[in-house]
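Before any comments, here is the structure.
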Amino acid sequence: MRVRSSISPVADRPLPQPTPASRAFWESGADGRLRVQRCGDCGAYTHPPLPRCRVCRSSVAESVAVSGRAVVVGFTINHQQWLPGFRPPYVVAIVALEEDDGARLTTNIVNCEPADVRIGQAVRVVFEKHEDVCLPLFEPDPDRAGNFPVPGPRELGPAAPAAWEKFESRVALTGVGQSRVGRRLLVDPLELTVQACLAAVEDAGLDLDEIDGLSTYPGRVGSPGMFEGGIAPLTEALQLRPVWINGAGDTPGQSGAIVAGMLAVASGLCRHVLCYRTVWESSHAALVRQGQWDDPAGRATGMLEYRAPFGAVSAANWIAMQASHYFHRYGGDRTTLGAIAVTERANAGRNPEAVYRDPLTMDDYLAARPISTPFGLYDCDVPVDGAVAVVVSAIETVPDRPSPAVLVDAVGTQILERLSWDQDTLTHEPQTQGPARHLWRRSSLRPDDVDLALLYDGFTFNALSWIEALGFCERGGARDFIDGGRGIALDGGHLPLNPHGGQLSAGRLHGFGFVREAMLQLRGEAAGRQVPGARVAVVSTGGGAPGGALLLRTA
């Protein structure tokens, strides 16, 4: 193992902010040895460090030197410049340590051509020293040729049993509204929130004074461009006086804000909860580029502590590594993902609200510039400015509502996988399998009963992951199920997917747009793209850890 003291010629890296728990890891390379937390009782290795062993929950742990040998279990060649001083292309990879393949590092593969990196490749650690930290990078190991085994999918435990009485039966979705939506609107995000909320309340046939609960995602703390400020700004803007409020990012997907509202209504605390989600990513990015929004750089903290130093600052990088592992294990190629992008663009052509409506061919898809392999431009959803609001009402109020109510047959919220991008699920988007199993455990309906699917598609691979997790086909069977787009087509497909165009073409309304489209479809109001006779729709949200699912039906 070598210590490299100079900055890599391709990277002016963001540095991690060591914490009391992580300092030993970041400083360990000073002597050329990689150190990782090991349990003193069962011997399992854990990364990032945790206060209890991930296997036996023992509190006896120490930071120990390891061999520095590992195997590549997922990787992506990043072509997009996310950071000013970190020039592409470069390889971001997940490597599993030789001592314990359940302990993995997100890192860079260096000292080789990006095209030469492969899953199953043996690598060894090299260090790059910056100030007070030593970053563990990996290079091909000349002493270990050939392909090495990689961890298979972990068997998950059973989903939690359904309660004797489902809370879902006590509520209904009675109103939905959407603001103006577009690219770089340069409109106050709170104005967008107000537009959507007023439209939803009117759709439900209510007065603002009848709204006694508010629920939003992610609340008053979030990335710039990804929220309107939480609960307080809306209560001020509309002079609301709720008896219950909720604003949080730790929910089962963005739709977790709706589930929270359902629980408040089902418990009798509220009768009508207004749930909303606002984004203005497109305008925020424009303001940053124009120098009108100060976005100071700092040390990487939180979830980015172990990713940003390696240039993995986008979910495109994180999910692309799962996609690479999927194709390695199950076969297939980008045309499977391309069929999702092309199909959704065709759907968007029938939706006058969609941001991108021009036809897209498979040739267009394959010729588009790469972002983070296997993802190209059209694998990625479209940042927009906009807001969506939904009213959750007590079931006994449904006869008084002017629009057809949409019932919630079941929710899927359970966590069965680790809440991690690199330490557990490699074959699919993390946090799809738990909510999917939980959903069906709470319902007498089955996948064959579903008329259409509104599946989260921050990237094409997200939608593929949900198709398999929800049981519409076997694991690894999405290529045949999608069938070049025929299986998910609006006209004649087994499972019409995202009839409005999804986030890939209609715009990233971050989960709530899927709920709105499901409601319109079930109410028979999706003009130009209506799925005939739609009675049951499944909705998934999340885009990673954690995720959630809803099973909606007509009254």
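The table for this structure:
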| item | result |
| --- | --- |
| Close pairs from region 125-150: first free of Cβ contacts under 8 Å to residues at least 60 places away in the same chain and open to solvent by 70 Å² or more (accessible area, probe 1.4 Å), partner hydrophobic (A, V, I, L, M, F, W, C) and outside any strand (DSSP E or B), Cβ under 9 Å, at least 6 apart | Asn147/Ile119 |
| Inter-residue pairs, beta-carbon under 7 Å, first in contact (Cβ under 8 Å) with a residue 12 or more places away in the chain and farther than 20 Å from Gly513 by Cβ and in region 190-217, second assigned to a loop (DSSP other than H, G, I, E, B) and of a type in the set (A, V, I, L, M), 6+ apart | Leu208/Leu240; Ile211/Leu240; Asp212/Val243; Gly213/Val243 |
| For Ile415: the one exception among (1) assigned to a strand (DSSP E or B); (2) touching a Gly at 6+ places or on another chain (Cβ under 6 Å) | (1) |
| Positions within region 87-103 being in a strand (DSSP E or B) and touching a Pro at 6+ places or on another chain (Cβ under 8 Å), in sequence order | Tyr90, Val91, Ala96, Asp101, Gly102 |
| Within region 517-546, tally of residues that are at pLDDT 95 or above and crowded, with 24+ Cβ neighbours inside 10 Å | 10 |
| Single residue of region 170-209 satisfying the filter (among the charged types (D, E, K, R) and outside any helix (DSSP H, G or I)) that is most open to solvent (accessible area, probe 1.4 Å) | Arg180 |
| Number of positions in region 104-124 that are hydrophobic (A, V, I, L, M, F, W, C), surrounded by fewer than 21 Cβ atoms within 10 Å (Cβ to Cβ) and either in a strand (DSSP E or B) or free of Cβ contacts under 8 Å to residues at least 12 places away in the same chain (or both) | 1 |
| For Arg418: the one exception among (1) open to solvent by less than 10 Å² (accessible area, probe 1.4 Å); (2) closer than 28 Å to Thr76 by Cβ | (1) |
| Search result, residues across region 359-374 that are in a loop (DSSP other than H, G, I, E, B) and in contact (Cβ under 8 Å) with a residue 12 or more places away in the chain | Pro359, Leu360, Thr361, Arg369, Thr373, Pro374 |
| Only listed residue being under 27 Å from the mean Cα position of the chain (by Cα) and open to solvent by less than 30 Å² (accessible area, probe 1.4 Å), chosen from Val73, Val64, Val55 | Val73 |
| Cross-chain or 6+ apart pairs with Cβ under 7 Å, region 521-532 first and aromatic (Phe, Trp, Tyr), then surrounded by 12 or more Cβ atoms within 10 Å (Cβ to Cβ) and assigned to a helix (DSSP H, G or I) | none |
| Filtered residues of region 339-358 (kept if of a type outside the set (A, V, I, L, M) and assigned to a loop (DSSP other than H, G, I, E, B)) | Gly349, Arg350, Asn351, Pro352, Glu353, Tyr356, Arg357, Asp358 |
| Test: residue in region 485-501 that is surrounded by 20 or more Cβ atoms within 10 Å (Cβ to Cβ) and free of Cβ contacts under 8 Å to residues at least 40 places away in the same chain | yes |
| Options Phe148, Phe138, Phe127; residue that is within 21 Å of Thr427 (Cα to Cα) and among the aromatic types (Phe, Trp, Tyr) | Phe148 |
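The values are calculated or read from the model by the stated rules, or taken from the named source; none is laboratory data. These numbers come from a predicted model, not from an experiment. Using ideal geometry, Cβ is built from the backbone for each residue, glycine included, and neighbour counts are taken over all protein chains shown. These area figures cover heavy atoms from the full protein model, side chains too; ligands, DNA and RNA do not enter into them. Shrake-Rupley method; radii C 1.70, N 1.55, O 1.52, S 1.80 Å.
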